[in-house]
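The values are calculated or read from the model by the stated rules, or taken from the named source; none is laboratory data. No experiment lies behind these values; they were computed from the predicted model shown. Note that each Cβ is placed from the backbone with ideal geometry, even for glycine, and that neighbours are counted across all protein chains shown. Surface areas here come from the heavy atoms of the whole protein model, side chains and all, with no ligands, DNA or RNA. Shrake-Rupley method; radii C 1.70, N 1.55, O 1.52, S 1.80 Å.
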Amino acid sequence: MELSWIRNYLWLIPLFPALGVIINGFFGWKMKKTTVGTIASMMVFFSFLATFVAFLYLISLPEEHRLFTTTLWTWIFTGNSLLGTFKIPLAFQFDPLSAVMALTVTFVSFLIHVYSIGYMWHDRSFVRFFVYLNLFVFSMLILVLGNSLLLLFVGWEGVGLCSYLLISFWYEDHKNVNAGIKAFIVNRVGDFGFLIGMFLLFWELGKQGVWTLTFTEIQQHVELLKDVSINLPLIGAVAAPTLIGILLYWGATGKSAQIPLYVWLPDAMAGPTPVSALIHAATMVTSGVYMIGRMNFLYGLSPTALAVVAIVSSLTAFFAATIAMTQFDLKKVLAYSTVSQLGYMFIGMGVAAYTTGIFHLMTHAFFKALLFLGSGSVMHAMSDILDMRLMGGLKKKMPITFWTFLIATLAIIGTPFFSGFFSKDGILSAAYFAHNSAIPWAPKFAWFMGFITAGITAFYMFRAVFMTFYGENRAPEEIKEHIHESPPIMTIPLIILAIFSVIAGYVGVPHSLGGHNLLNHFLMPVWVSLKHVAEHEESLAVEYTLMILTLTLVGIGVYVAYYAYIKHPEFPEKVVNKFPRLYKLLYNKYYVDEIYYATFLAGTHRLTKILRWFDVHIIDGIVNFAGWLGVRLAFISGWIDKYIVDGIVNLIAWIFLWTGQVLRKIQVGSVQAYLYIGIGILVLVLLINVL
Amino acid sequence: MINLQSFLVVGMILFLLGIFGILTRKNAIALLMGIELMLNGVALTFAAFDRFIKPAEMVNPIDGKVFVIFIIILAAAEAAIALAIIIQVFGRYEDINLEDLKRMKE
């Protein structure tokens, strides 16, 4: 079949969800719920089909030409100035990386849309939900298909907006609104770094004579930045790629919930569960990973930036996992697990094993979406209860939910032959074998953290499974009666996702396990920075040893969970009593929220107060002083007017009056008086003449 | 012998008597009489200068006489008007005291 027409029709992919937004947004209120849900889901499905066509066309191309662009129009054009020409087209680009991302996003989105029809059926804002969800898919596709950093940023902000809108979806509850605002503000902090990084890249490349922001052109000219360094106050000279890379990663820590900006993600669980599944687990939060993959040519120039990514993210993976151990809210456990898994993906990126990061991103999208949808199904049955201490024994009542949830759990902890096993193992072995010329211990450190985290993950995931599905049901009686399996429209997506949670791993089976690592092969043309790197020696024996070590640790994790939550339910209590301080530290999430509250928020409050004081006393003071001065001046001016100007006028009048009054005495009306005067003057004149 | 000085002295006495009259008398008629005395004193002076001084350079030798005639006519006209005014004042105030004329401004 001739597929090359897709070269000019890439815009179809984001167009469909946009159409969904328009149709449902404007006419949804008078349509039936079934129609609204169908339109929204079908639009995403069409988008998936278009992506699939593009994918088929892409793999029909020879490997080195697997990139095509659809330009819609010129978006920004500066004309020819002295500095050079700057032009950004509004264009979409499709290459293996975009393909993997777009396929994952549209496919998972479609399933979640279908699931949402059932989940949101009784909600009165049913239409609004689907409009937001479509808008999110649209923004996400702009993000992954945009061919310039600027267009990526547009999508980046778009998904942030949708995330905010959907977290605060039930806006009657103040808590949800606050969570939305928190997500928005924390993301803004990250976006600040991203923007600075983007500007810096633009400026530094521009100084070398290349004004551009499109990926292909940056990739072509990025070598120009190799020896450029930037002088920072207090720190000194920093290599430009390092600084830009760290700033872009800063943006990624916001969007992809890494230390120090991960705090918004657990709170984001305030939104409807399909949102948590789609946005805060499967797609949006992975955009930071995608961005680093997209900019890999830049990170290839800076081992330091990569090391920073690896270290920070491995710490995130570890700390988030430890927090997840102590949470009782099922969605919170999954949220911290997401933060932790995102840390894994970044470890993959940070050790320059980009394929493994993207691979884990993809498998994670399936199994984490499944976990969230499963928890949504549980919530649906439990009348929106999320506390695992009130659950238990759901295994028999909700068999489909239980089995799919179990499959996803097995996938996330890395059980052999499940998808998570291949991707996580890929990351760990890549980290173990990686070299970093700037900070040599970084990859090993990342590997060690990831290794420990694997065990913790196994523990907390099985803890969740055991508390939710095994043992006696601890829910109140009236809720107990209602527990039922969810309708097929919700369980079918669960089953499909469960299938993919198992088989998605087989696209990237490493060579050491007898696979061909198709995904790595497919994505390799994108990782231009790896072209010049020689394949490093990977000892099979070491790799197998690592695998067995990890699996042992995972097994121990599962056994501890089994021991503590099935066999000896009183055991956790004992541990808690033995290490009360550690437990409290973990339970309260290392007090990070409190620390942020005490520093940034309180600082902001403080600053606000100071500024308010400044405003009230200085600014208002100046204004009031100006007013007062005006009044004073007017008073003086009035005084001058009244007494000087009017005074002169009055004086003149008065002079005339006075002279008149003086002179009128002469004219007394007595004839003889006149005669006296006349004669007197005559005598005077005579006298003067004589003298 | 009657010469120019004699006439001038008589004229001056008449003039000063007239002034004395108008300055001291409150009666309007007496005032009018003083004015007549002053006018006649001046007229006498003009006539005396005309009779005694004939300088060669004087172009018109009858200037003094003309002035005298004008003064007599003027005095006659003045007396007529002044008497008319006095009669009107008397009609209004039943008095011809000059001080009473101040009341006209009221």
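Taking (1) open to solvent by less than 70 Å² (accessible area, probe 1.4 Å); (2) out of contact with any Pro (no Cβ under 8 Å at 6 or more places or on another chain); (3) in contact (Cβ under 8 Å) with a residue 60 or more places away in the chain; (4) not acidic (Asp, Glu) in turn, A:LYS33 satisfies each apart from (1).
Of the residues making up the range A:365-391, those that are at pLDDT below 85, aliphatic (A, V, I, L, M) and in a helix (DSSP H, G or I) are A:ALA381, A:MET388, A:LEU390. Counting the residues of the range A:157-211 that are open to solvent by less than 60 Å² (accessible area, probe 1.4 Å), more than 13 Å from A:GLY251 (Cα to Cα) and part of a helix (DSSP H, G or I) gives 19. On inspection, A:GLY426 does not qualify as at pLDDT below 90 and closer than 18 Å to A:ALA320 by Cα. Is it fair to say A:ILE677 is open to solvent by less than 90 Å² (accessible area, probe 1.4 Å) and closer than 30 Å to B:LEU23 by Cα? Yes.
When A:ILE142 is tested against (1) touching a strand residue (DSSP E or B) at 6+ places or on another chain (Cβ under 9 Å); (2) surrounded by fewer than 21 Cβ atoms within 10 Å (Cβ to Cβ); (3) not basic (Lys, Arg), only condition (2) is not met.
Just one residue in the set A:ARG612, A:ARG606, A:ARG581 is more than 30 Å from A:GLY426 (Cα to Cα) and assigned by TED's automatic domain parsing to the domain that holds A:GLY393; that residue is A:ARG581. Residue pairs whose Cβ atoms lie under 6 Å apart, separated by 6 or more positions or on different chains, with the first residue in the range A:648-672 and within 14 Å of chain B (Cβ to nearest Cβ) and modelled with pLDDT under 90 and the second part of a helix (DSSP H, G or I) and open to solvent by 60 Å² or more (accessible area, probe 1.4 Å), are A:GLY669/B:LYS102; A:GLY669/B:LYS105; A:SER670/B:LYS102. Taking the condition within 17 Å of A:THR401 (Cβ to Cβ), of a type in the set (D, E, K, R) and out of contact with any Ser or Thr (no Cβ under 9 Å at 6 or more places or on another chain), does A:ASP329 pass? Here the answer is no, as A:ASP329 does not meet what is asked.
Hey, does the range A:560-572 have a residue that's under 29 Å from A:PRO260 (Cβ atoms) and either touching an Asp or Glu at 6+ places or on another chain (Cβ under 6 Å) or modelled with pLDDT of 80 or more (or both)? No, every residue in the range A:560-572 fails to be under 29 Å from A:PRO260 (Cβ atoms) and either touching an Asp or Glu at 6+ places or on another chain (Cβ under 6 Å) or modelled with pLDDT of 80 or more (or both). Restricting attention to the range A:418-450, the residues being open to solvent by less than 10 Å² (accessible area, probe 1.4 Å) and basic (Lys, Arg) number 1.
For B:LEU39, indicate whether it is within 15 Å of A:GLN672 (Cα to Cα), buried (at least 17 other Cβ atoms within 10 Å of the Cβ) and either modelled with pLDDT of 80 or more or within 14 Å of chain A (Cβ to nearest Cβ) (or both).
no
Name the helices (runs of 4 or more DSSP H) wholly inside the range A:493-602 in which the number of residues that are farther than 25 Å from A:MET291 by Cα is 2 or more.
A:540-562, A:571-578, A:580-587, A:592-596
Within the range B:11-28, the set of residues being in a helix (DSSP H, G or I), open to solvent by 70 Å² or more (accessible area, probe 1.4 Å) and within 13 Å of another protein chain (Cβ to nearest Cβ) comprises B:LEU16, B:PHE20.
Quick one: would you say A:LEU225 is buried (at least 20 other Cβ atoms within 10 Å of the Cβ) and of a type in the set (A, V, I, L, M, F, W, C)?
yes
From the list A:SER109, A:SER98, the one residue that fits, being open to solvent by less than 10 Å² (accessible area, probe 1.4 Å) and either outside the structural domain of A:LEU518 (by TED's automatic domain parsing) or over 23 Å from A:HIS65 (Cβ atoms) (or both), is A:SER109. Looking across the range A:228-258, the residues that are in contact (Cβ under 8 Å) with a residue 12 or more places away in the chain and assigned to a loop (DSSP other than H, G, I, E, B) come down to A:VAL228, A:SER256, A:ALA257, A:GLN258. Does the range A:42-53 include one or more residues that are open to solvent by 30 Å² or more (accessible area, probe 1.4 Å), at pLDDT 90 or above, under 30 Å from the mean Cα position of the chain (by Cα) and hydroxyl-bearing (Ser, Thr, Tyr)? Within the range A:42-53, none of the residues are open to solvent by 30 Å² or more (accessible area, probe 1.4 Å), at pLDDT 90 or above, under 30 Å from the mean Cα position of the chain (by Cα) and hydroxyl-bearing (Ser, Thr, Tyr). Determine which member of the set A:ALA442, A:ALA431 is in contact with a Lys or Arg (Cβ under 8 Å, 6 or more places away or on another chain), aliphatic (A, V, I, L, M) and within 29 Å of A:MET524 (Cβ to Cβ). Result of the check over A:ALA442, A:ALA431: A:ALA431.
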